[in-house]
Amino acid sequence: MTKTELTQAFFRAFGPGAEPRAFFAGGRVNLIGEHVDYNGGHVLPCALTMGTWGLLRRRTDDRLRFYSLNFPQLGVLEGTLSNVRFQERNQWTNYVFGMLFALAERGIRLSSGFELLIFGNIPNGSGLSSSASLEVVSGAAFRACYDLDVTDMELAILGQRAENGFIGLNSGIMDQFSIAMGKEDAAVFLDTGTLRYEYVPVELGDHVILIMNTCKRRTLADSKYNERRSECESALKALQKALPVKDLASVDLRTFEANKHLIENETQRDRAEHVVYECARTVEACKKLRAGDLVSFGRLMDASHDSLRDLYAVSCRELDTLVAEARQCPGVLGARMTGAGFGGCAVAIVRKDAVDEVMERVGAAYEAAVGYPCAFYVASIGGGPREL
Ligand code: GLA
């Protein structure tokens, strides 16, 4: 959709008047480093050019009016600045309220209400972070329209706070960080323990990043996500009885092998093993990417998926089918699930001239096995939030 079309939709939803200002924030795809961002590990995500548009116009009273072109059946949703709390009936606007909540925690209150129109082209529930994208675009719109003194990195922190403190998902910071700090054609190599980061050029030559969507709604994602997080915390506590470590990411492989018996609960031990090895894999994968060694990078992606499936138990039949089928295709260097899991998307590195055949083969095998089709997108890596 063009800015003009979005503006017209805005006037249709909220009536004529001053022109709204228009903002955009991307989605994200994580290349490797999964379920380590709440354990202090490194992650390697990229912002996508797919994302969320937000058009905002200030009001003079304290009313809040919302309209999403993705949920036209909901009509205009209403609220007020003085009533910022989580409510089921607020639907998708809870993520916007979450940003207001996170700002308020820092003593920042908007001086007036607003009208906000949203349009996104990230498939919902696809594991490409449509919610973090909505948080960041809302935050960027508030910042510009109300002259708030907030950096891009702070937008990410506010977004995570919205998830943790308002929505109730104890997520790490990877999604919001990669979206708020994204850079065109680069991955963000982020140390989630310190928030130190570097941009790593994604120069794949005759290869592309292929995203494969299971098109399965991620029903278990939230409850199981919080469960995984607390399993990691229990595993860490067990290790801390003997080791002075602040998080699982600070445990190196040798130390882990020598001490893993301290984690008596087998499930918790598996979870910790995934985290410790995934952290090491991600640092290694980043080196391979910098060196242009895509073959080794692909192998690490494969190992990441196997560990998420077998040790961390966040994959599912649909994701495993996509990954297994893709790996059998010529021209595929590696494939893994991406994001929280339990549905959503997988990601693969594929030779350009093999992409069509991969989509055809994987698509057919998936539909035969699962009973409905999957979807594919060739990833294009975008920058951070911006005003249009
Ligand atoms: C979700 C969370 C992230 C991260 C991933 C798994 O996307 O929001 O913080 O934990 O899952 O890597």
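The numbers here are math on the coordinates, done by the rules we state, and not lab data. A quick note: this is a predicted structure, and the numbers were derived from the prediction, not measured. Cβ sites come from the backbone with ideal geometry, for glycine too, and all protein chains shown count toward neighbours.
Helix 221-240 and the long axis of the chain differ in direction by around 50°, with both axes built from C-alpha atoms. Dipole size of the stretch 22-120 about its Cα centre, with +1 on Lys/Arg Cβ and -1 on Asp/Glu Cβ: approximately 320 debye, rounded to the nearest 20. In order along the stretch 182-199, the Karplus-derived 3J(HN,Hα) couplings, from 6.51 cos²θ - 1.76 cosθ + 1.60 at θ = phi - 60°, round to x, 9, 3, 6, 9, 9, 9, 8, 10, 8, 6, x, 10, 6, 6, 8, 9, 8 Hz, and Gly and Pro are given as x.
Dividing the Cα radius of gyration of the stretch 1-66 by its Kirkwood radius returns 1.19 for Rg/Rh. Packing here is the average count of other Cβ atoms within 10 Å per residue, and on that basis the peptides 138-149, 256-267, 97-108, highest first, run 138-149, 97-108, 256-267.
Distance from a point 7 Å along Cα→Cβ of R109 to each backbone N in the stretch 62-102: keep the residues under 19 Å and list them by number. Output list for this probe position: 62-65, 79-86, 97-102. The calculated FRET efficiency for D61 paired with M153, based on their beta-carbon distance and R0 = 22 Å, is about 0.10. Could you give the angle, 0 to 90 degrees to the nearest 10, between helix 130-145's Cα long axis and the longest principal axis of the Cα atoms of the chain? On a 0 to 90 degree scale, this one is about 40.
What separates the Cα centres of the stretch 363-388 and the stretch 333-358 is a distance of 9 Å.
Once the Kirkwood radius over Cα pairs is known for the stretch 86-148, the Stokes-Einstein relation at 37 °C and 0.692 mPa s delivers a diffusion coefficient of 261 µm²/s. Counting only Cα atoms, the size of the chain along its three principal axes is 64, 52, 38 Å, in decreasing order. Projected over all directions and averaged, the alpha-carbon convex hull of the stretch 3-201 occupies 10.7 nm².
Non-local lysine pairs in the chain, meaning eight or more places apart or on different chains, with alpha-carbon distances under 26 Å, amount to 15. Ranking G15, S130, G41 by how far each Cα lies toward the positive end of the dipole of the stretch 3-201 (charges on Cβ) leaves G15 at the top.
Could you give the distance between the Cα centres of the stretch 80-96 and the stretch 151-201, to the whole Å? What the calculation gives is 23 Å, centre to centre.
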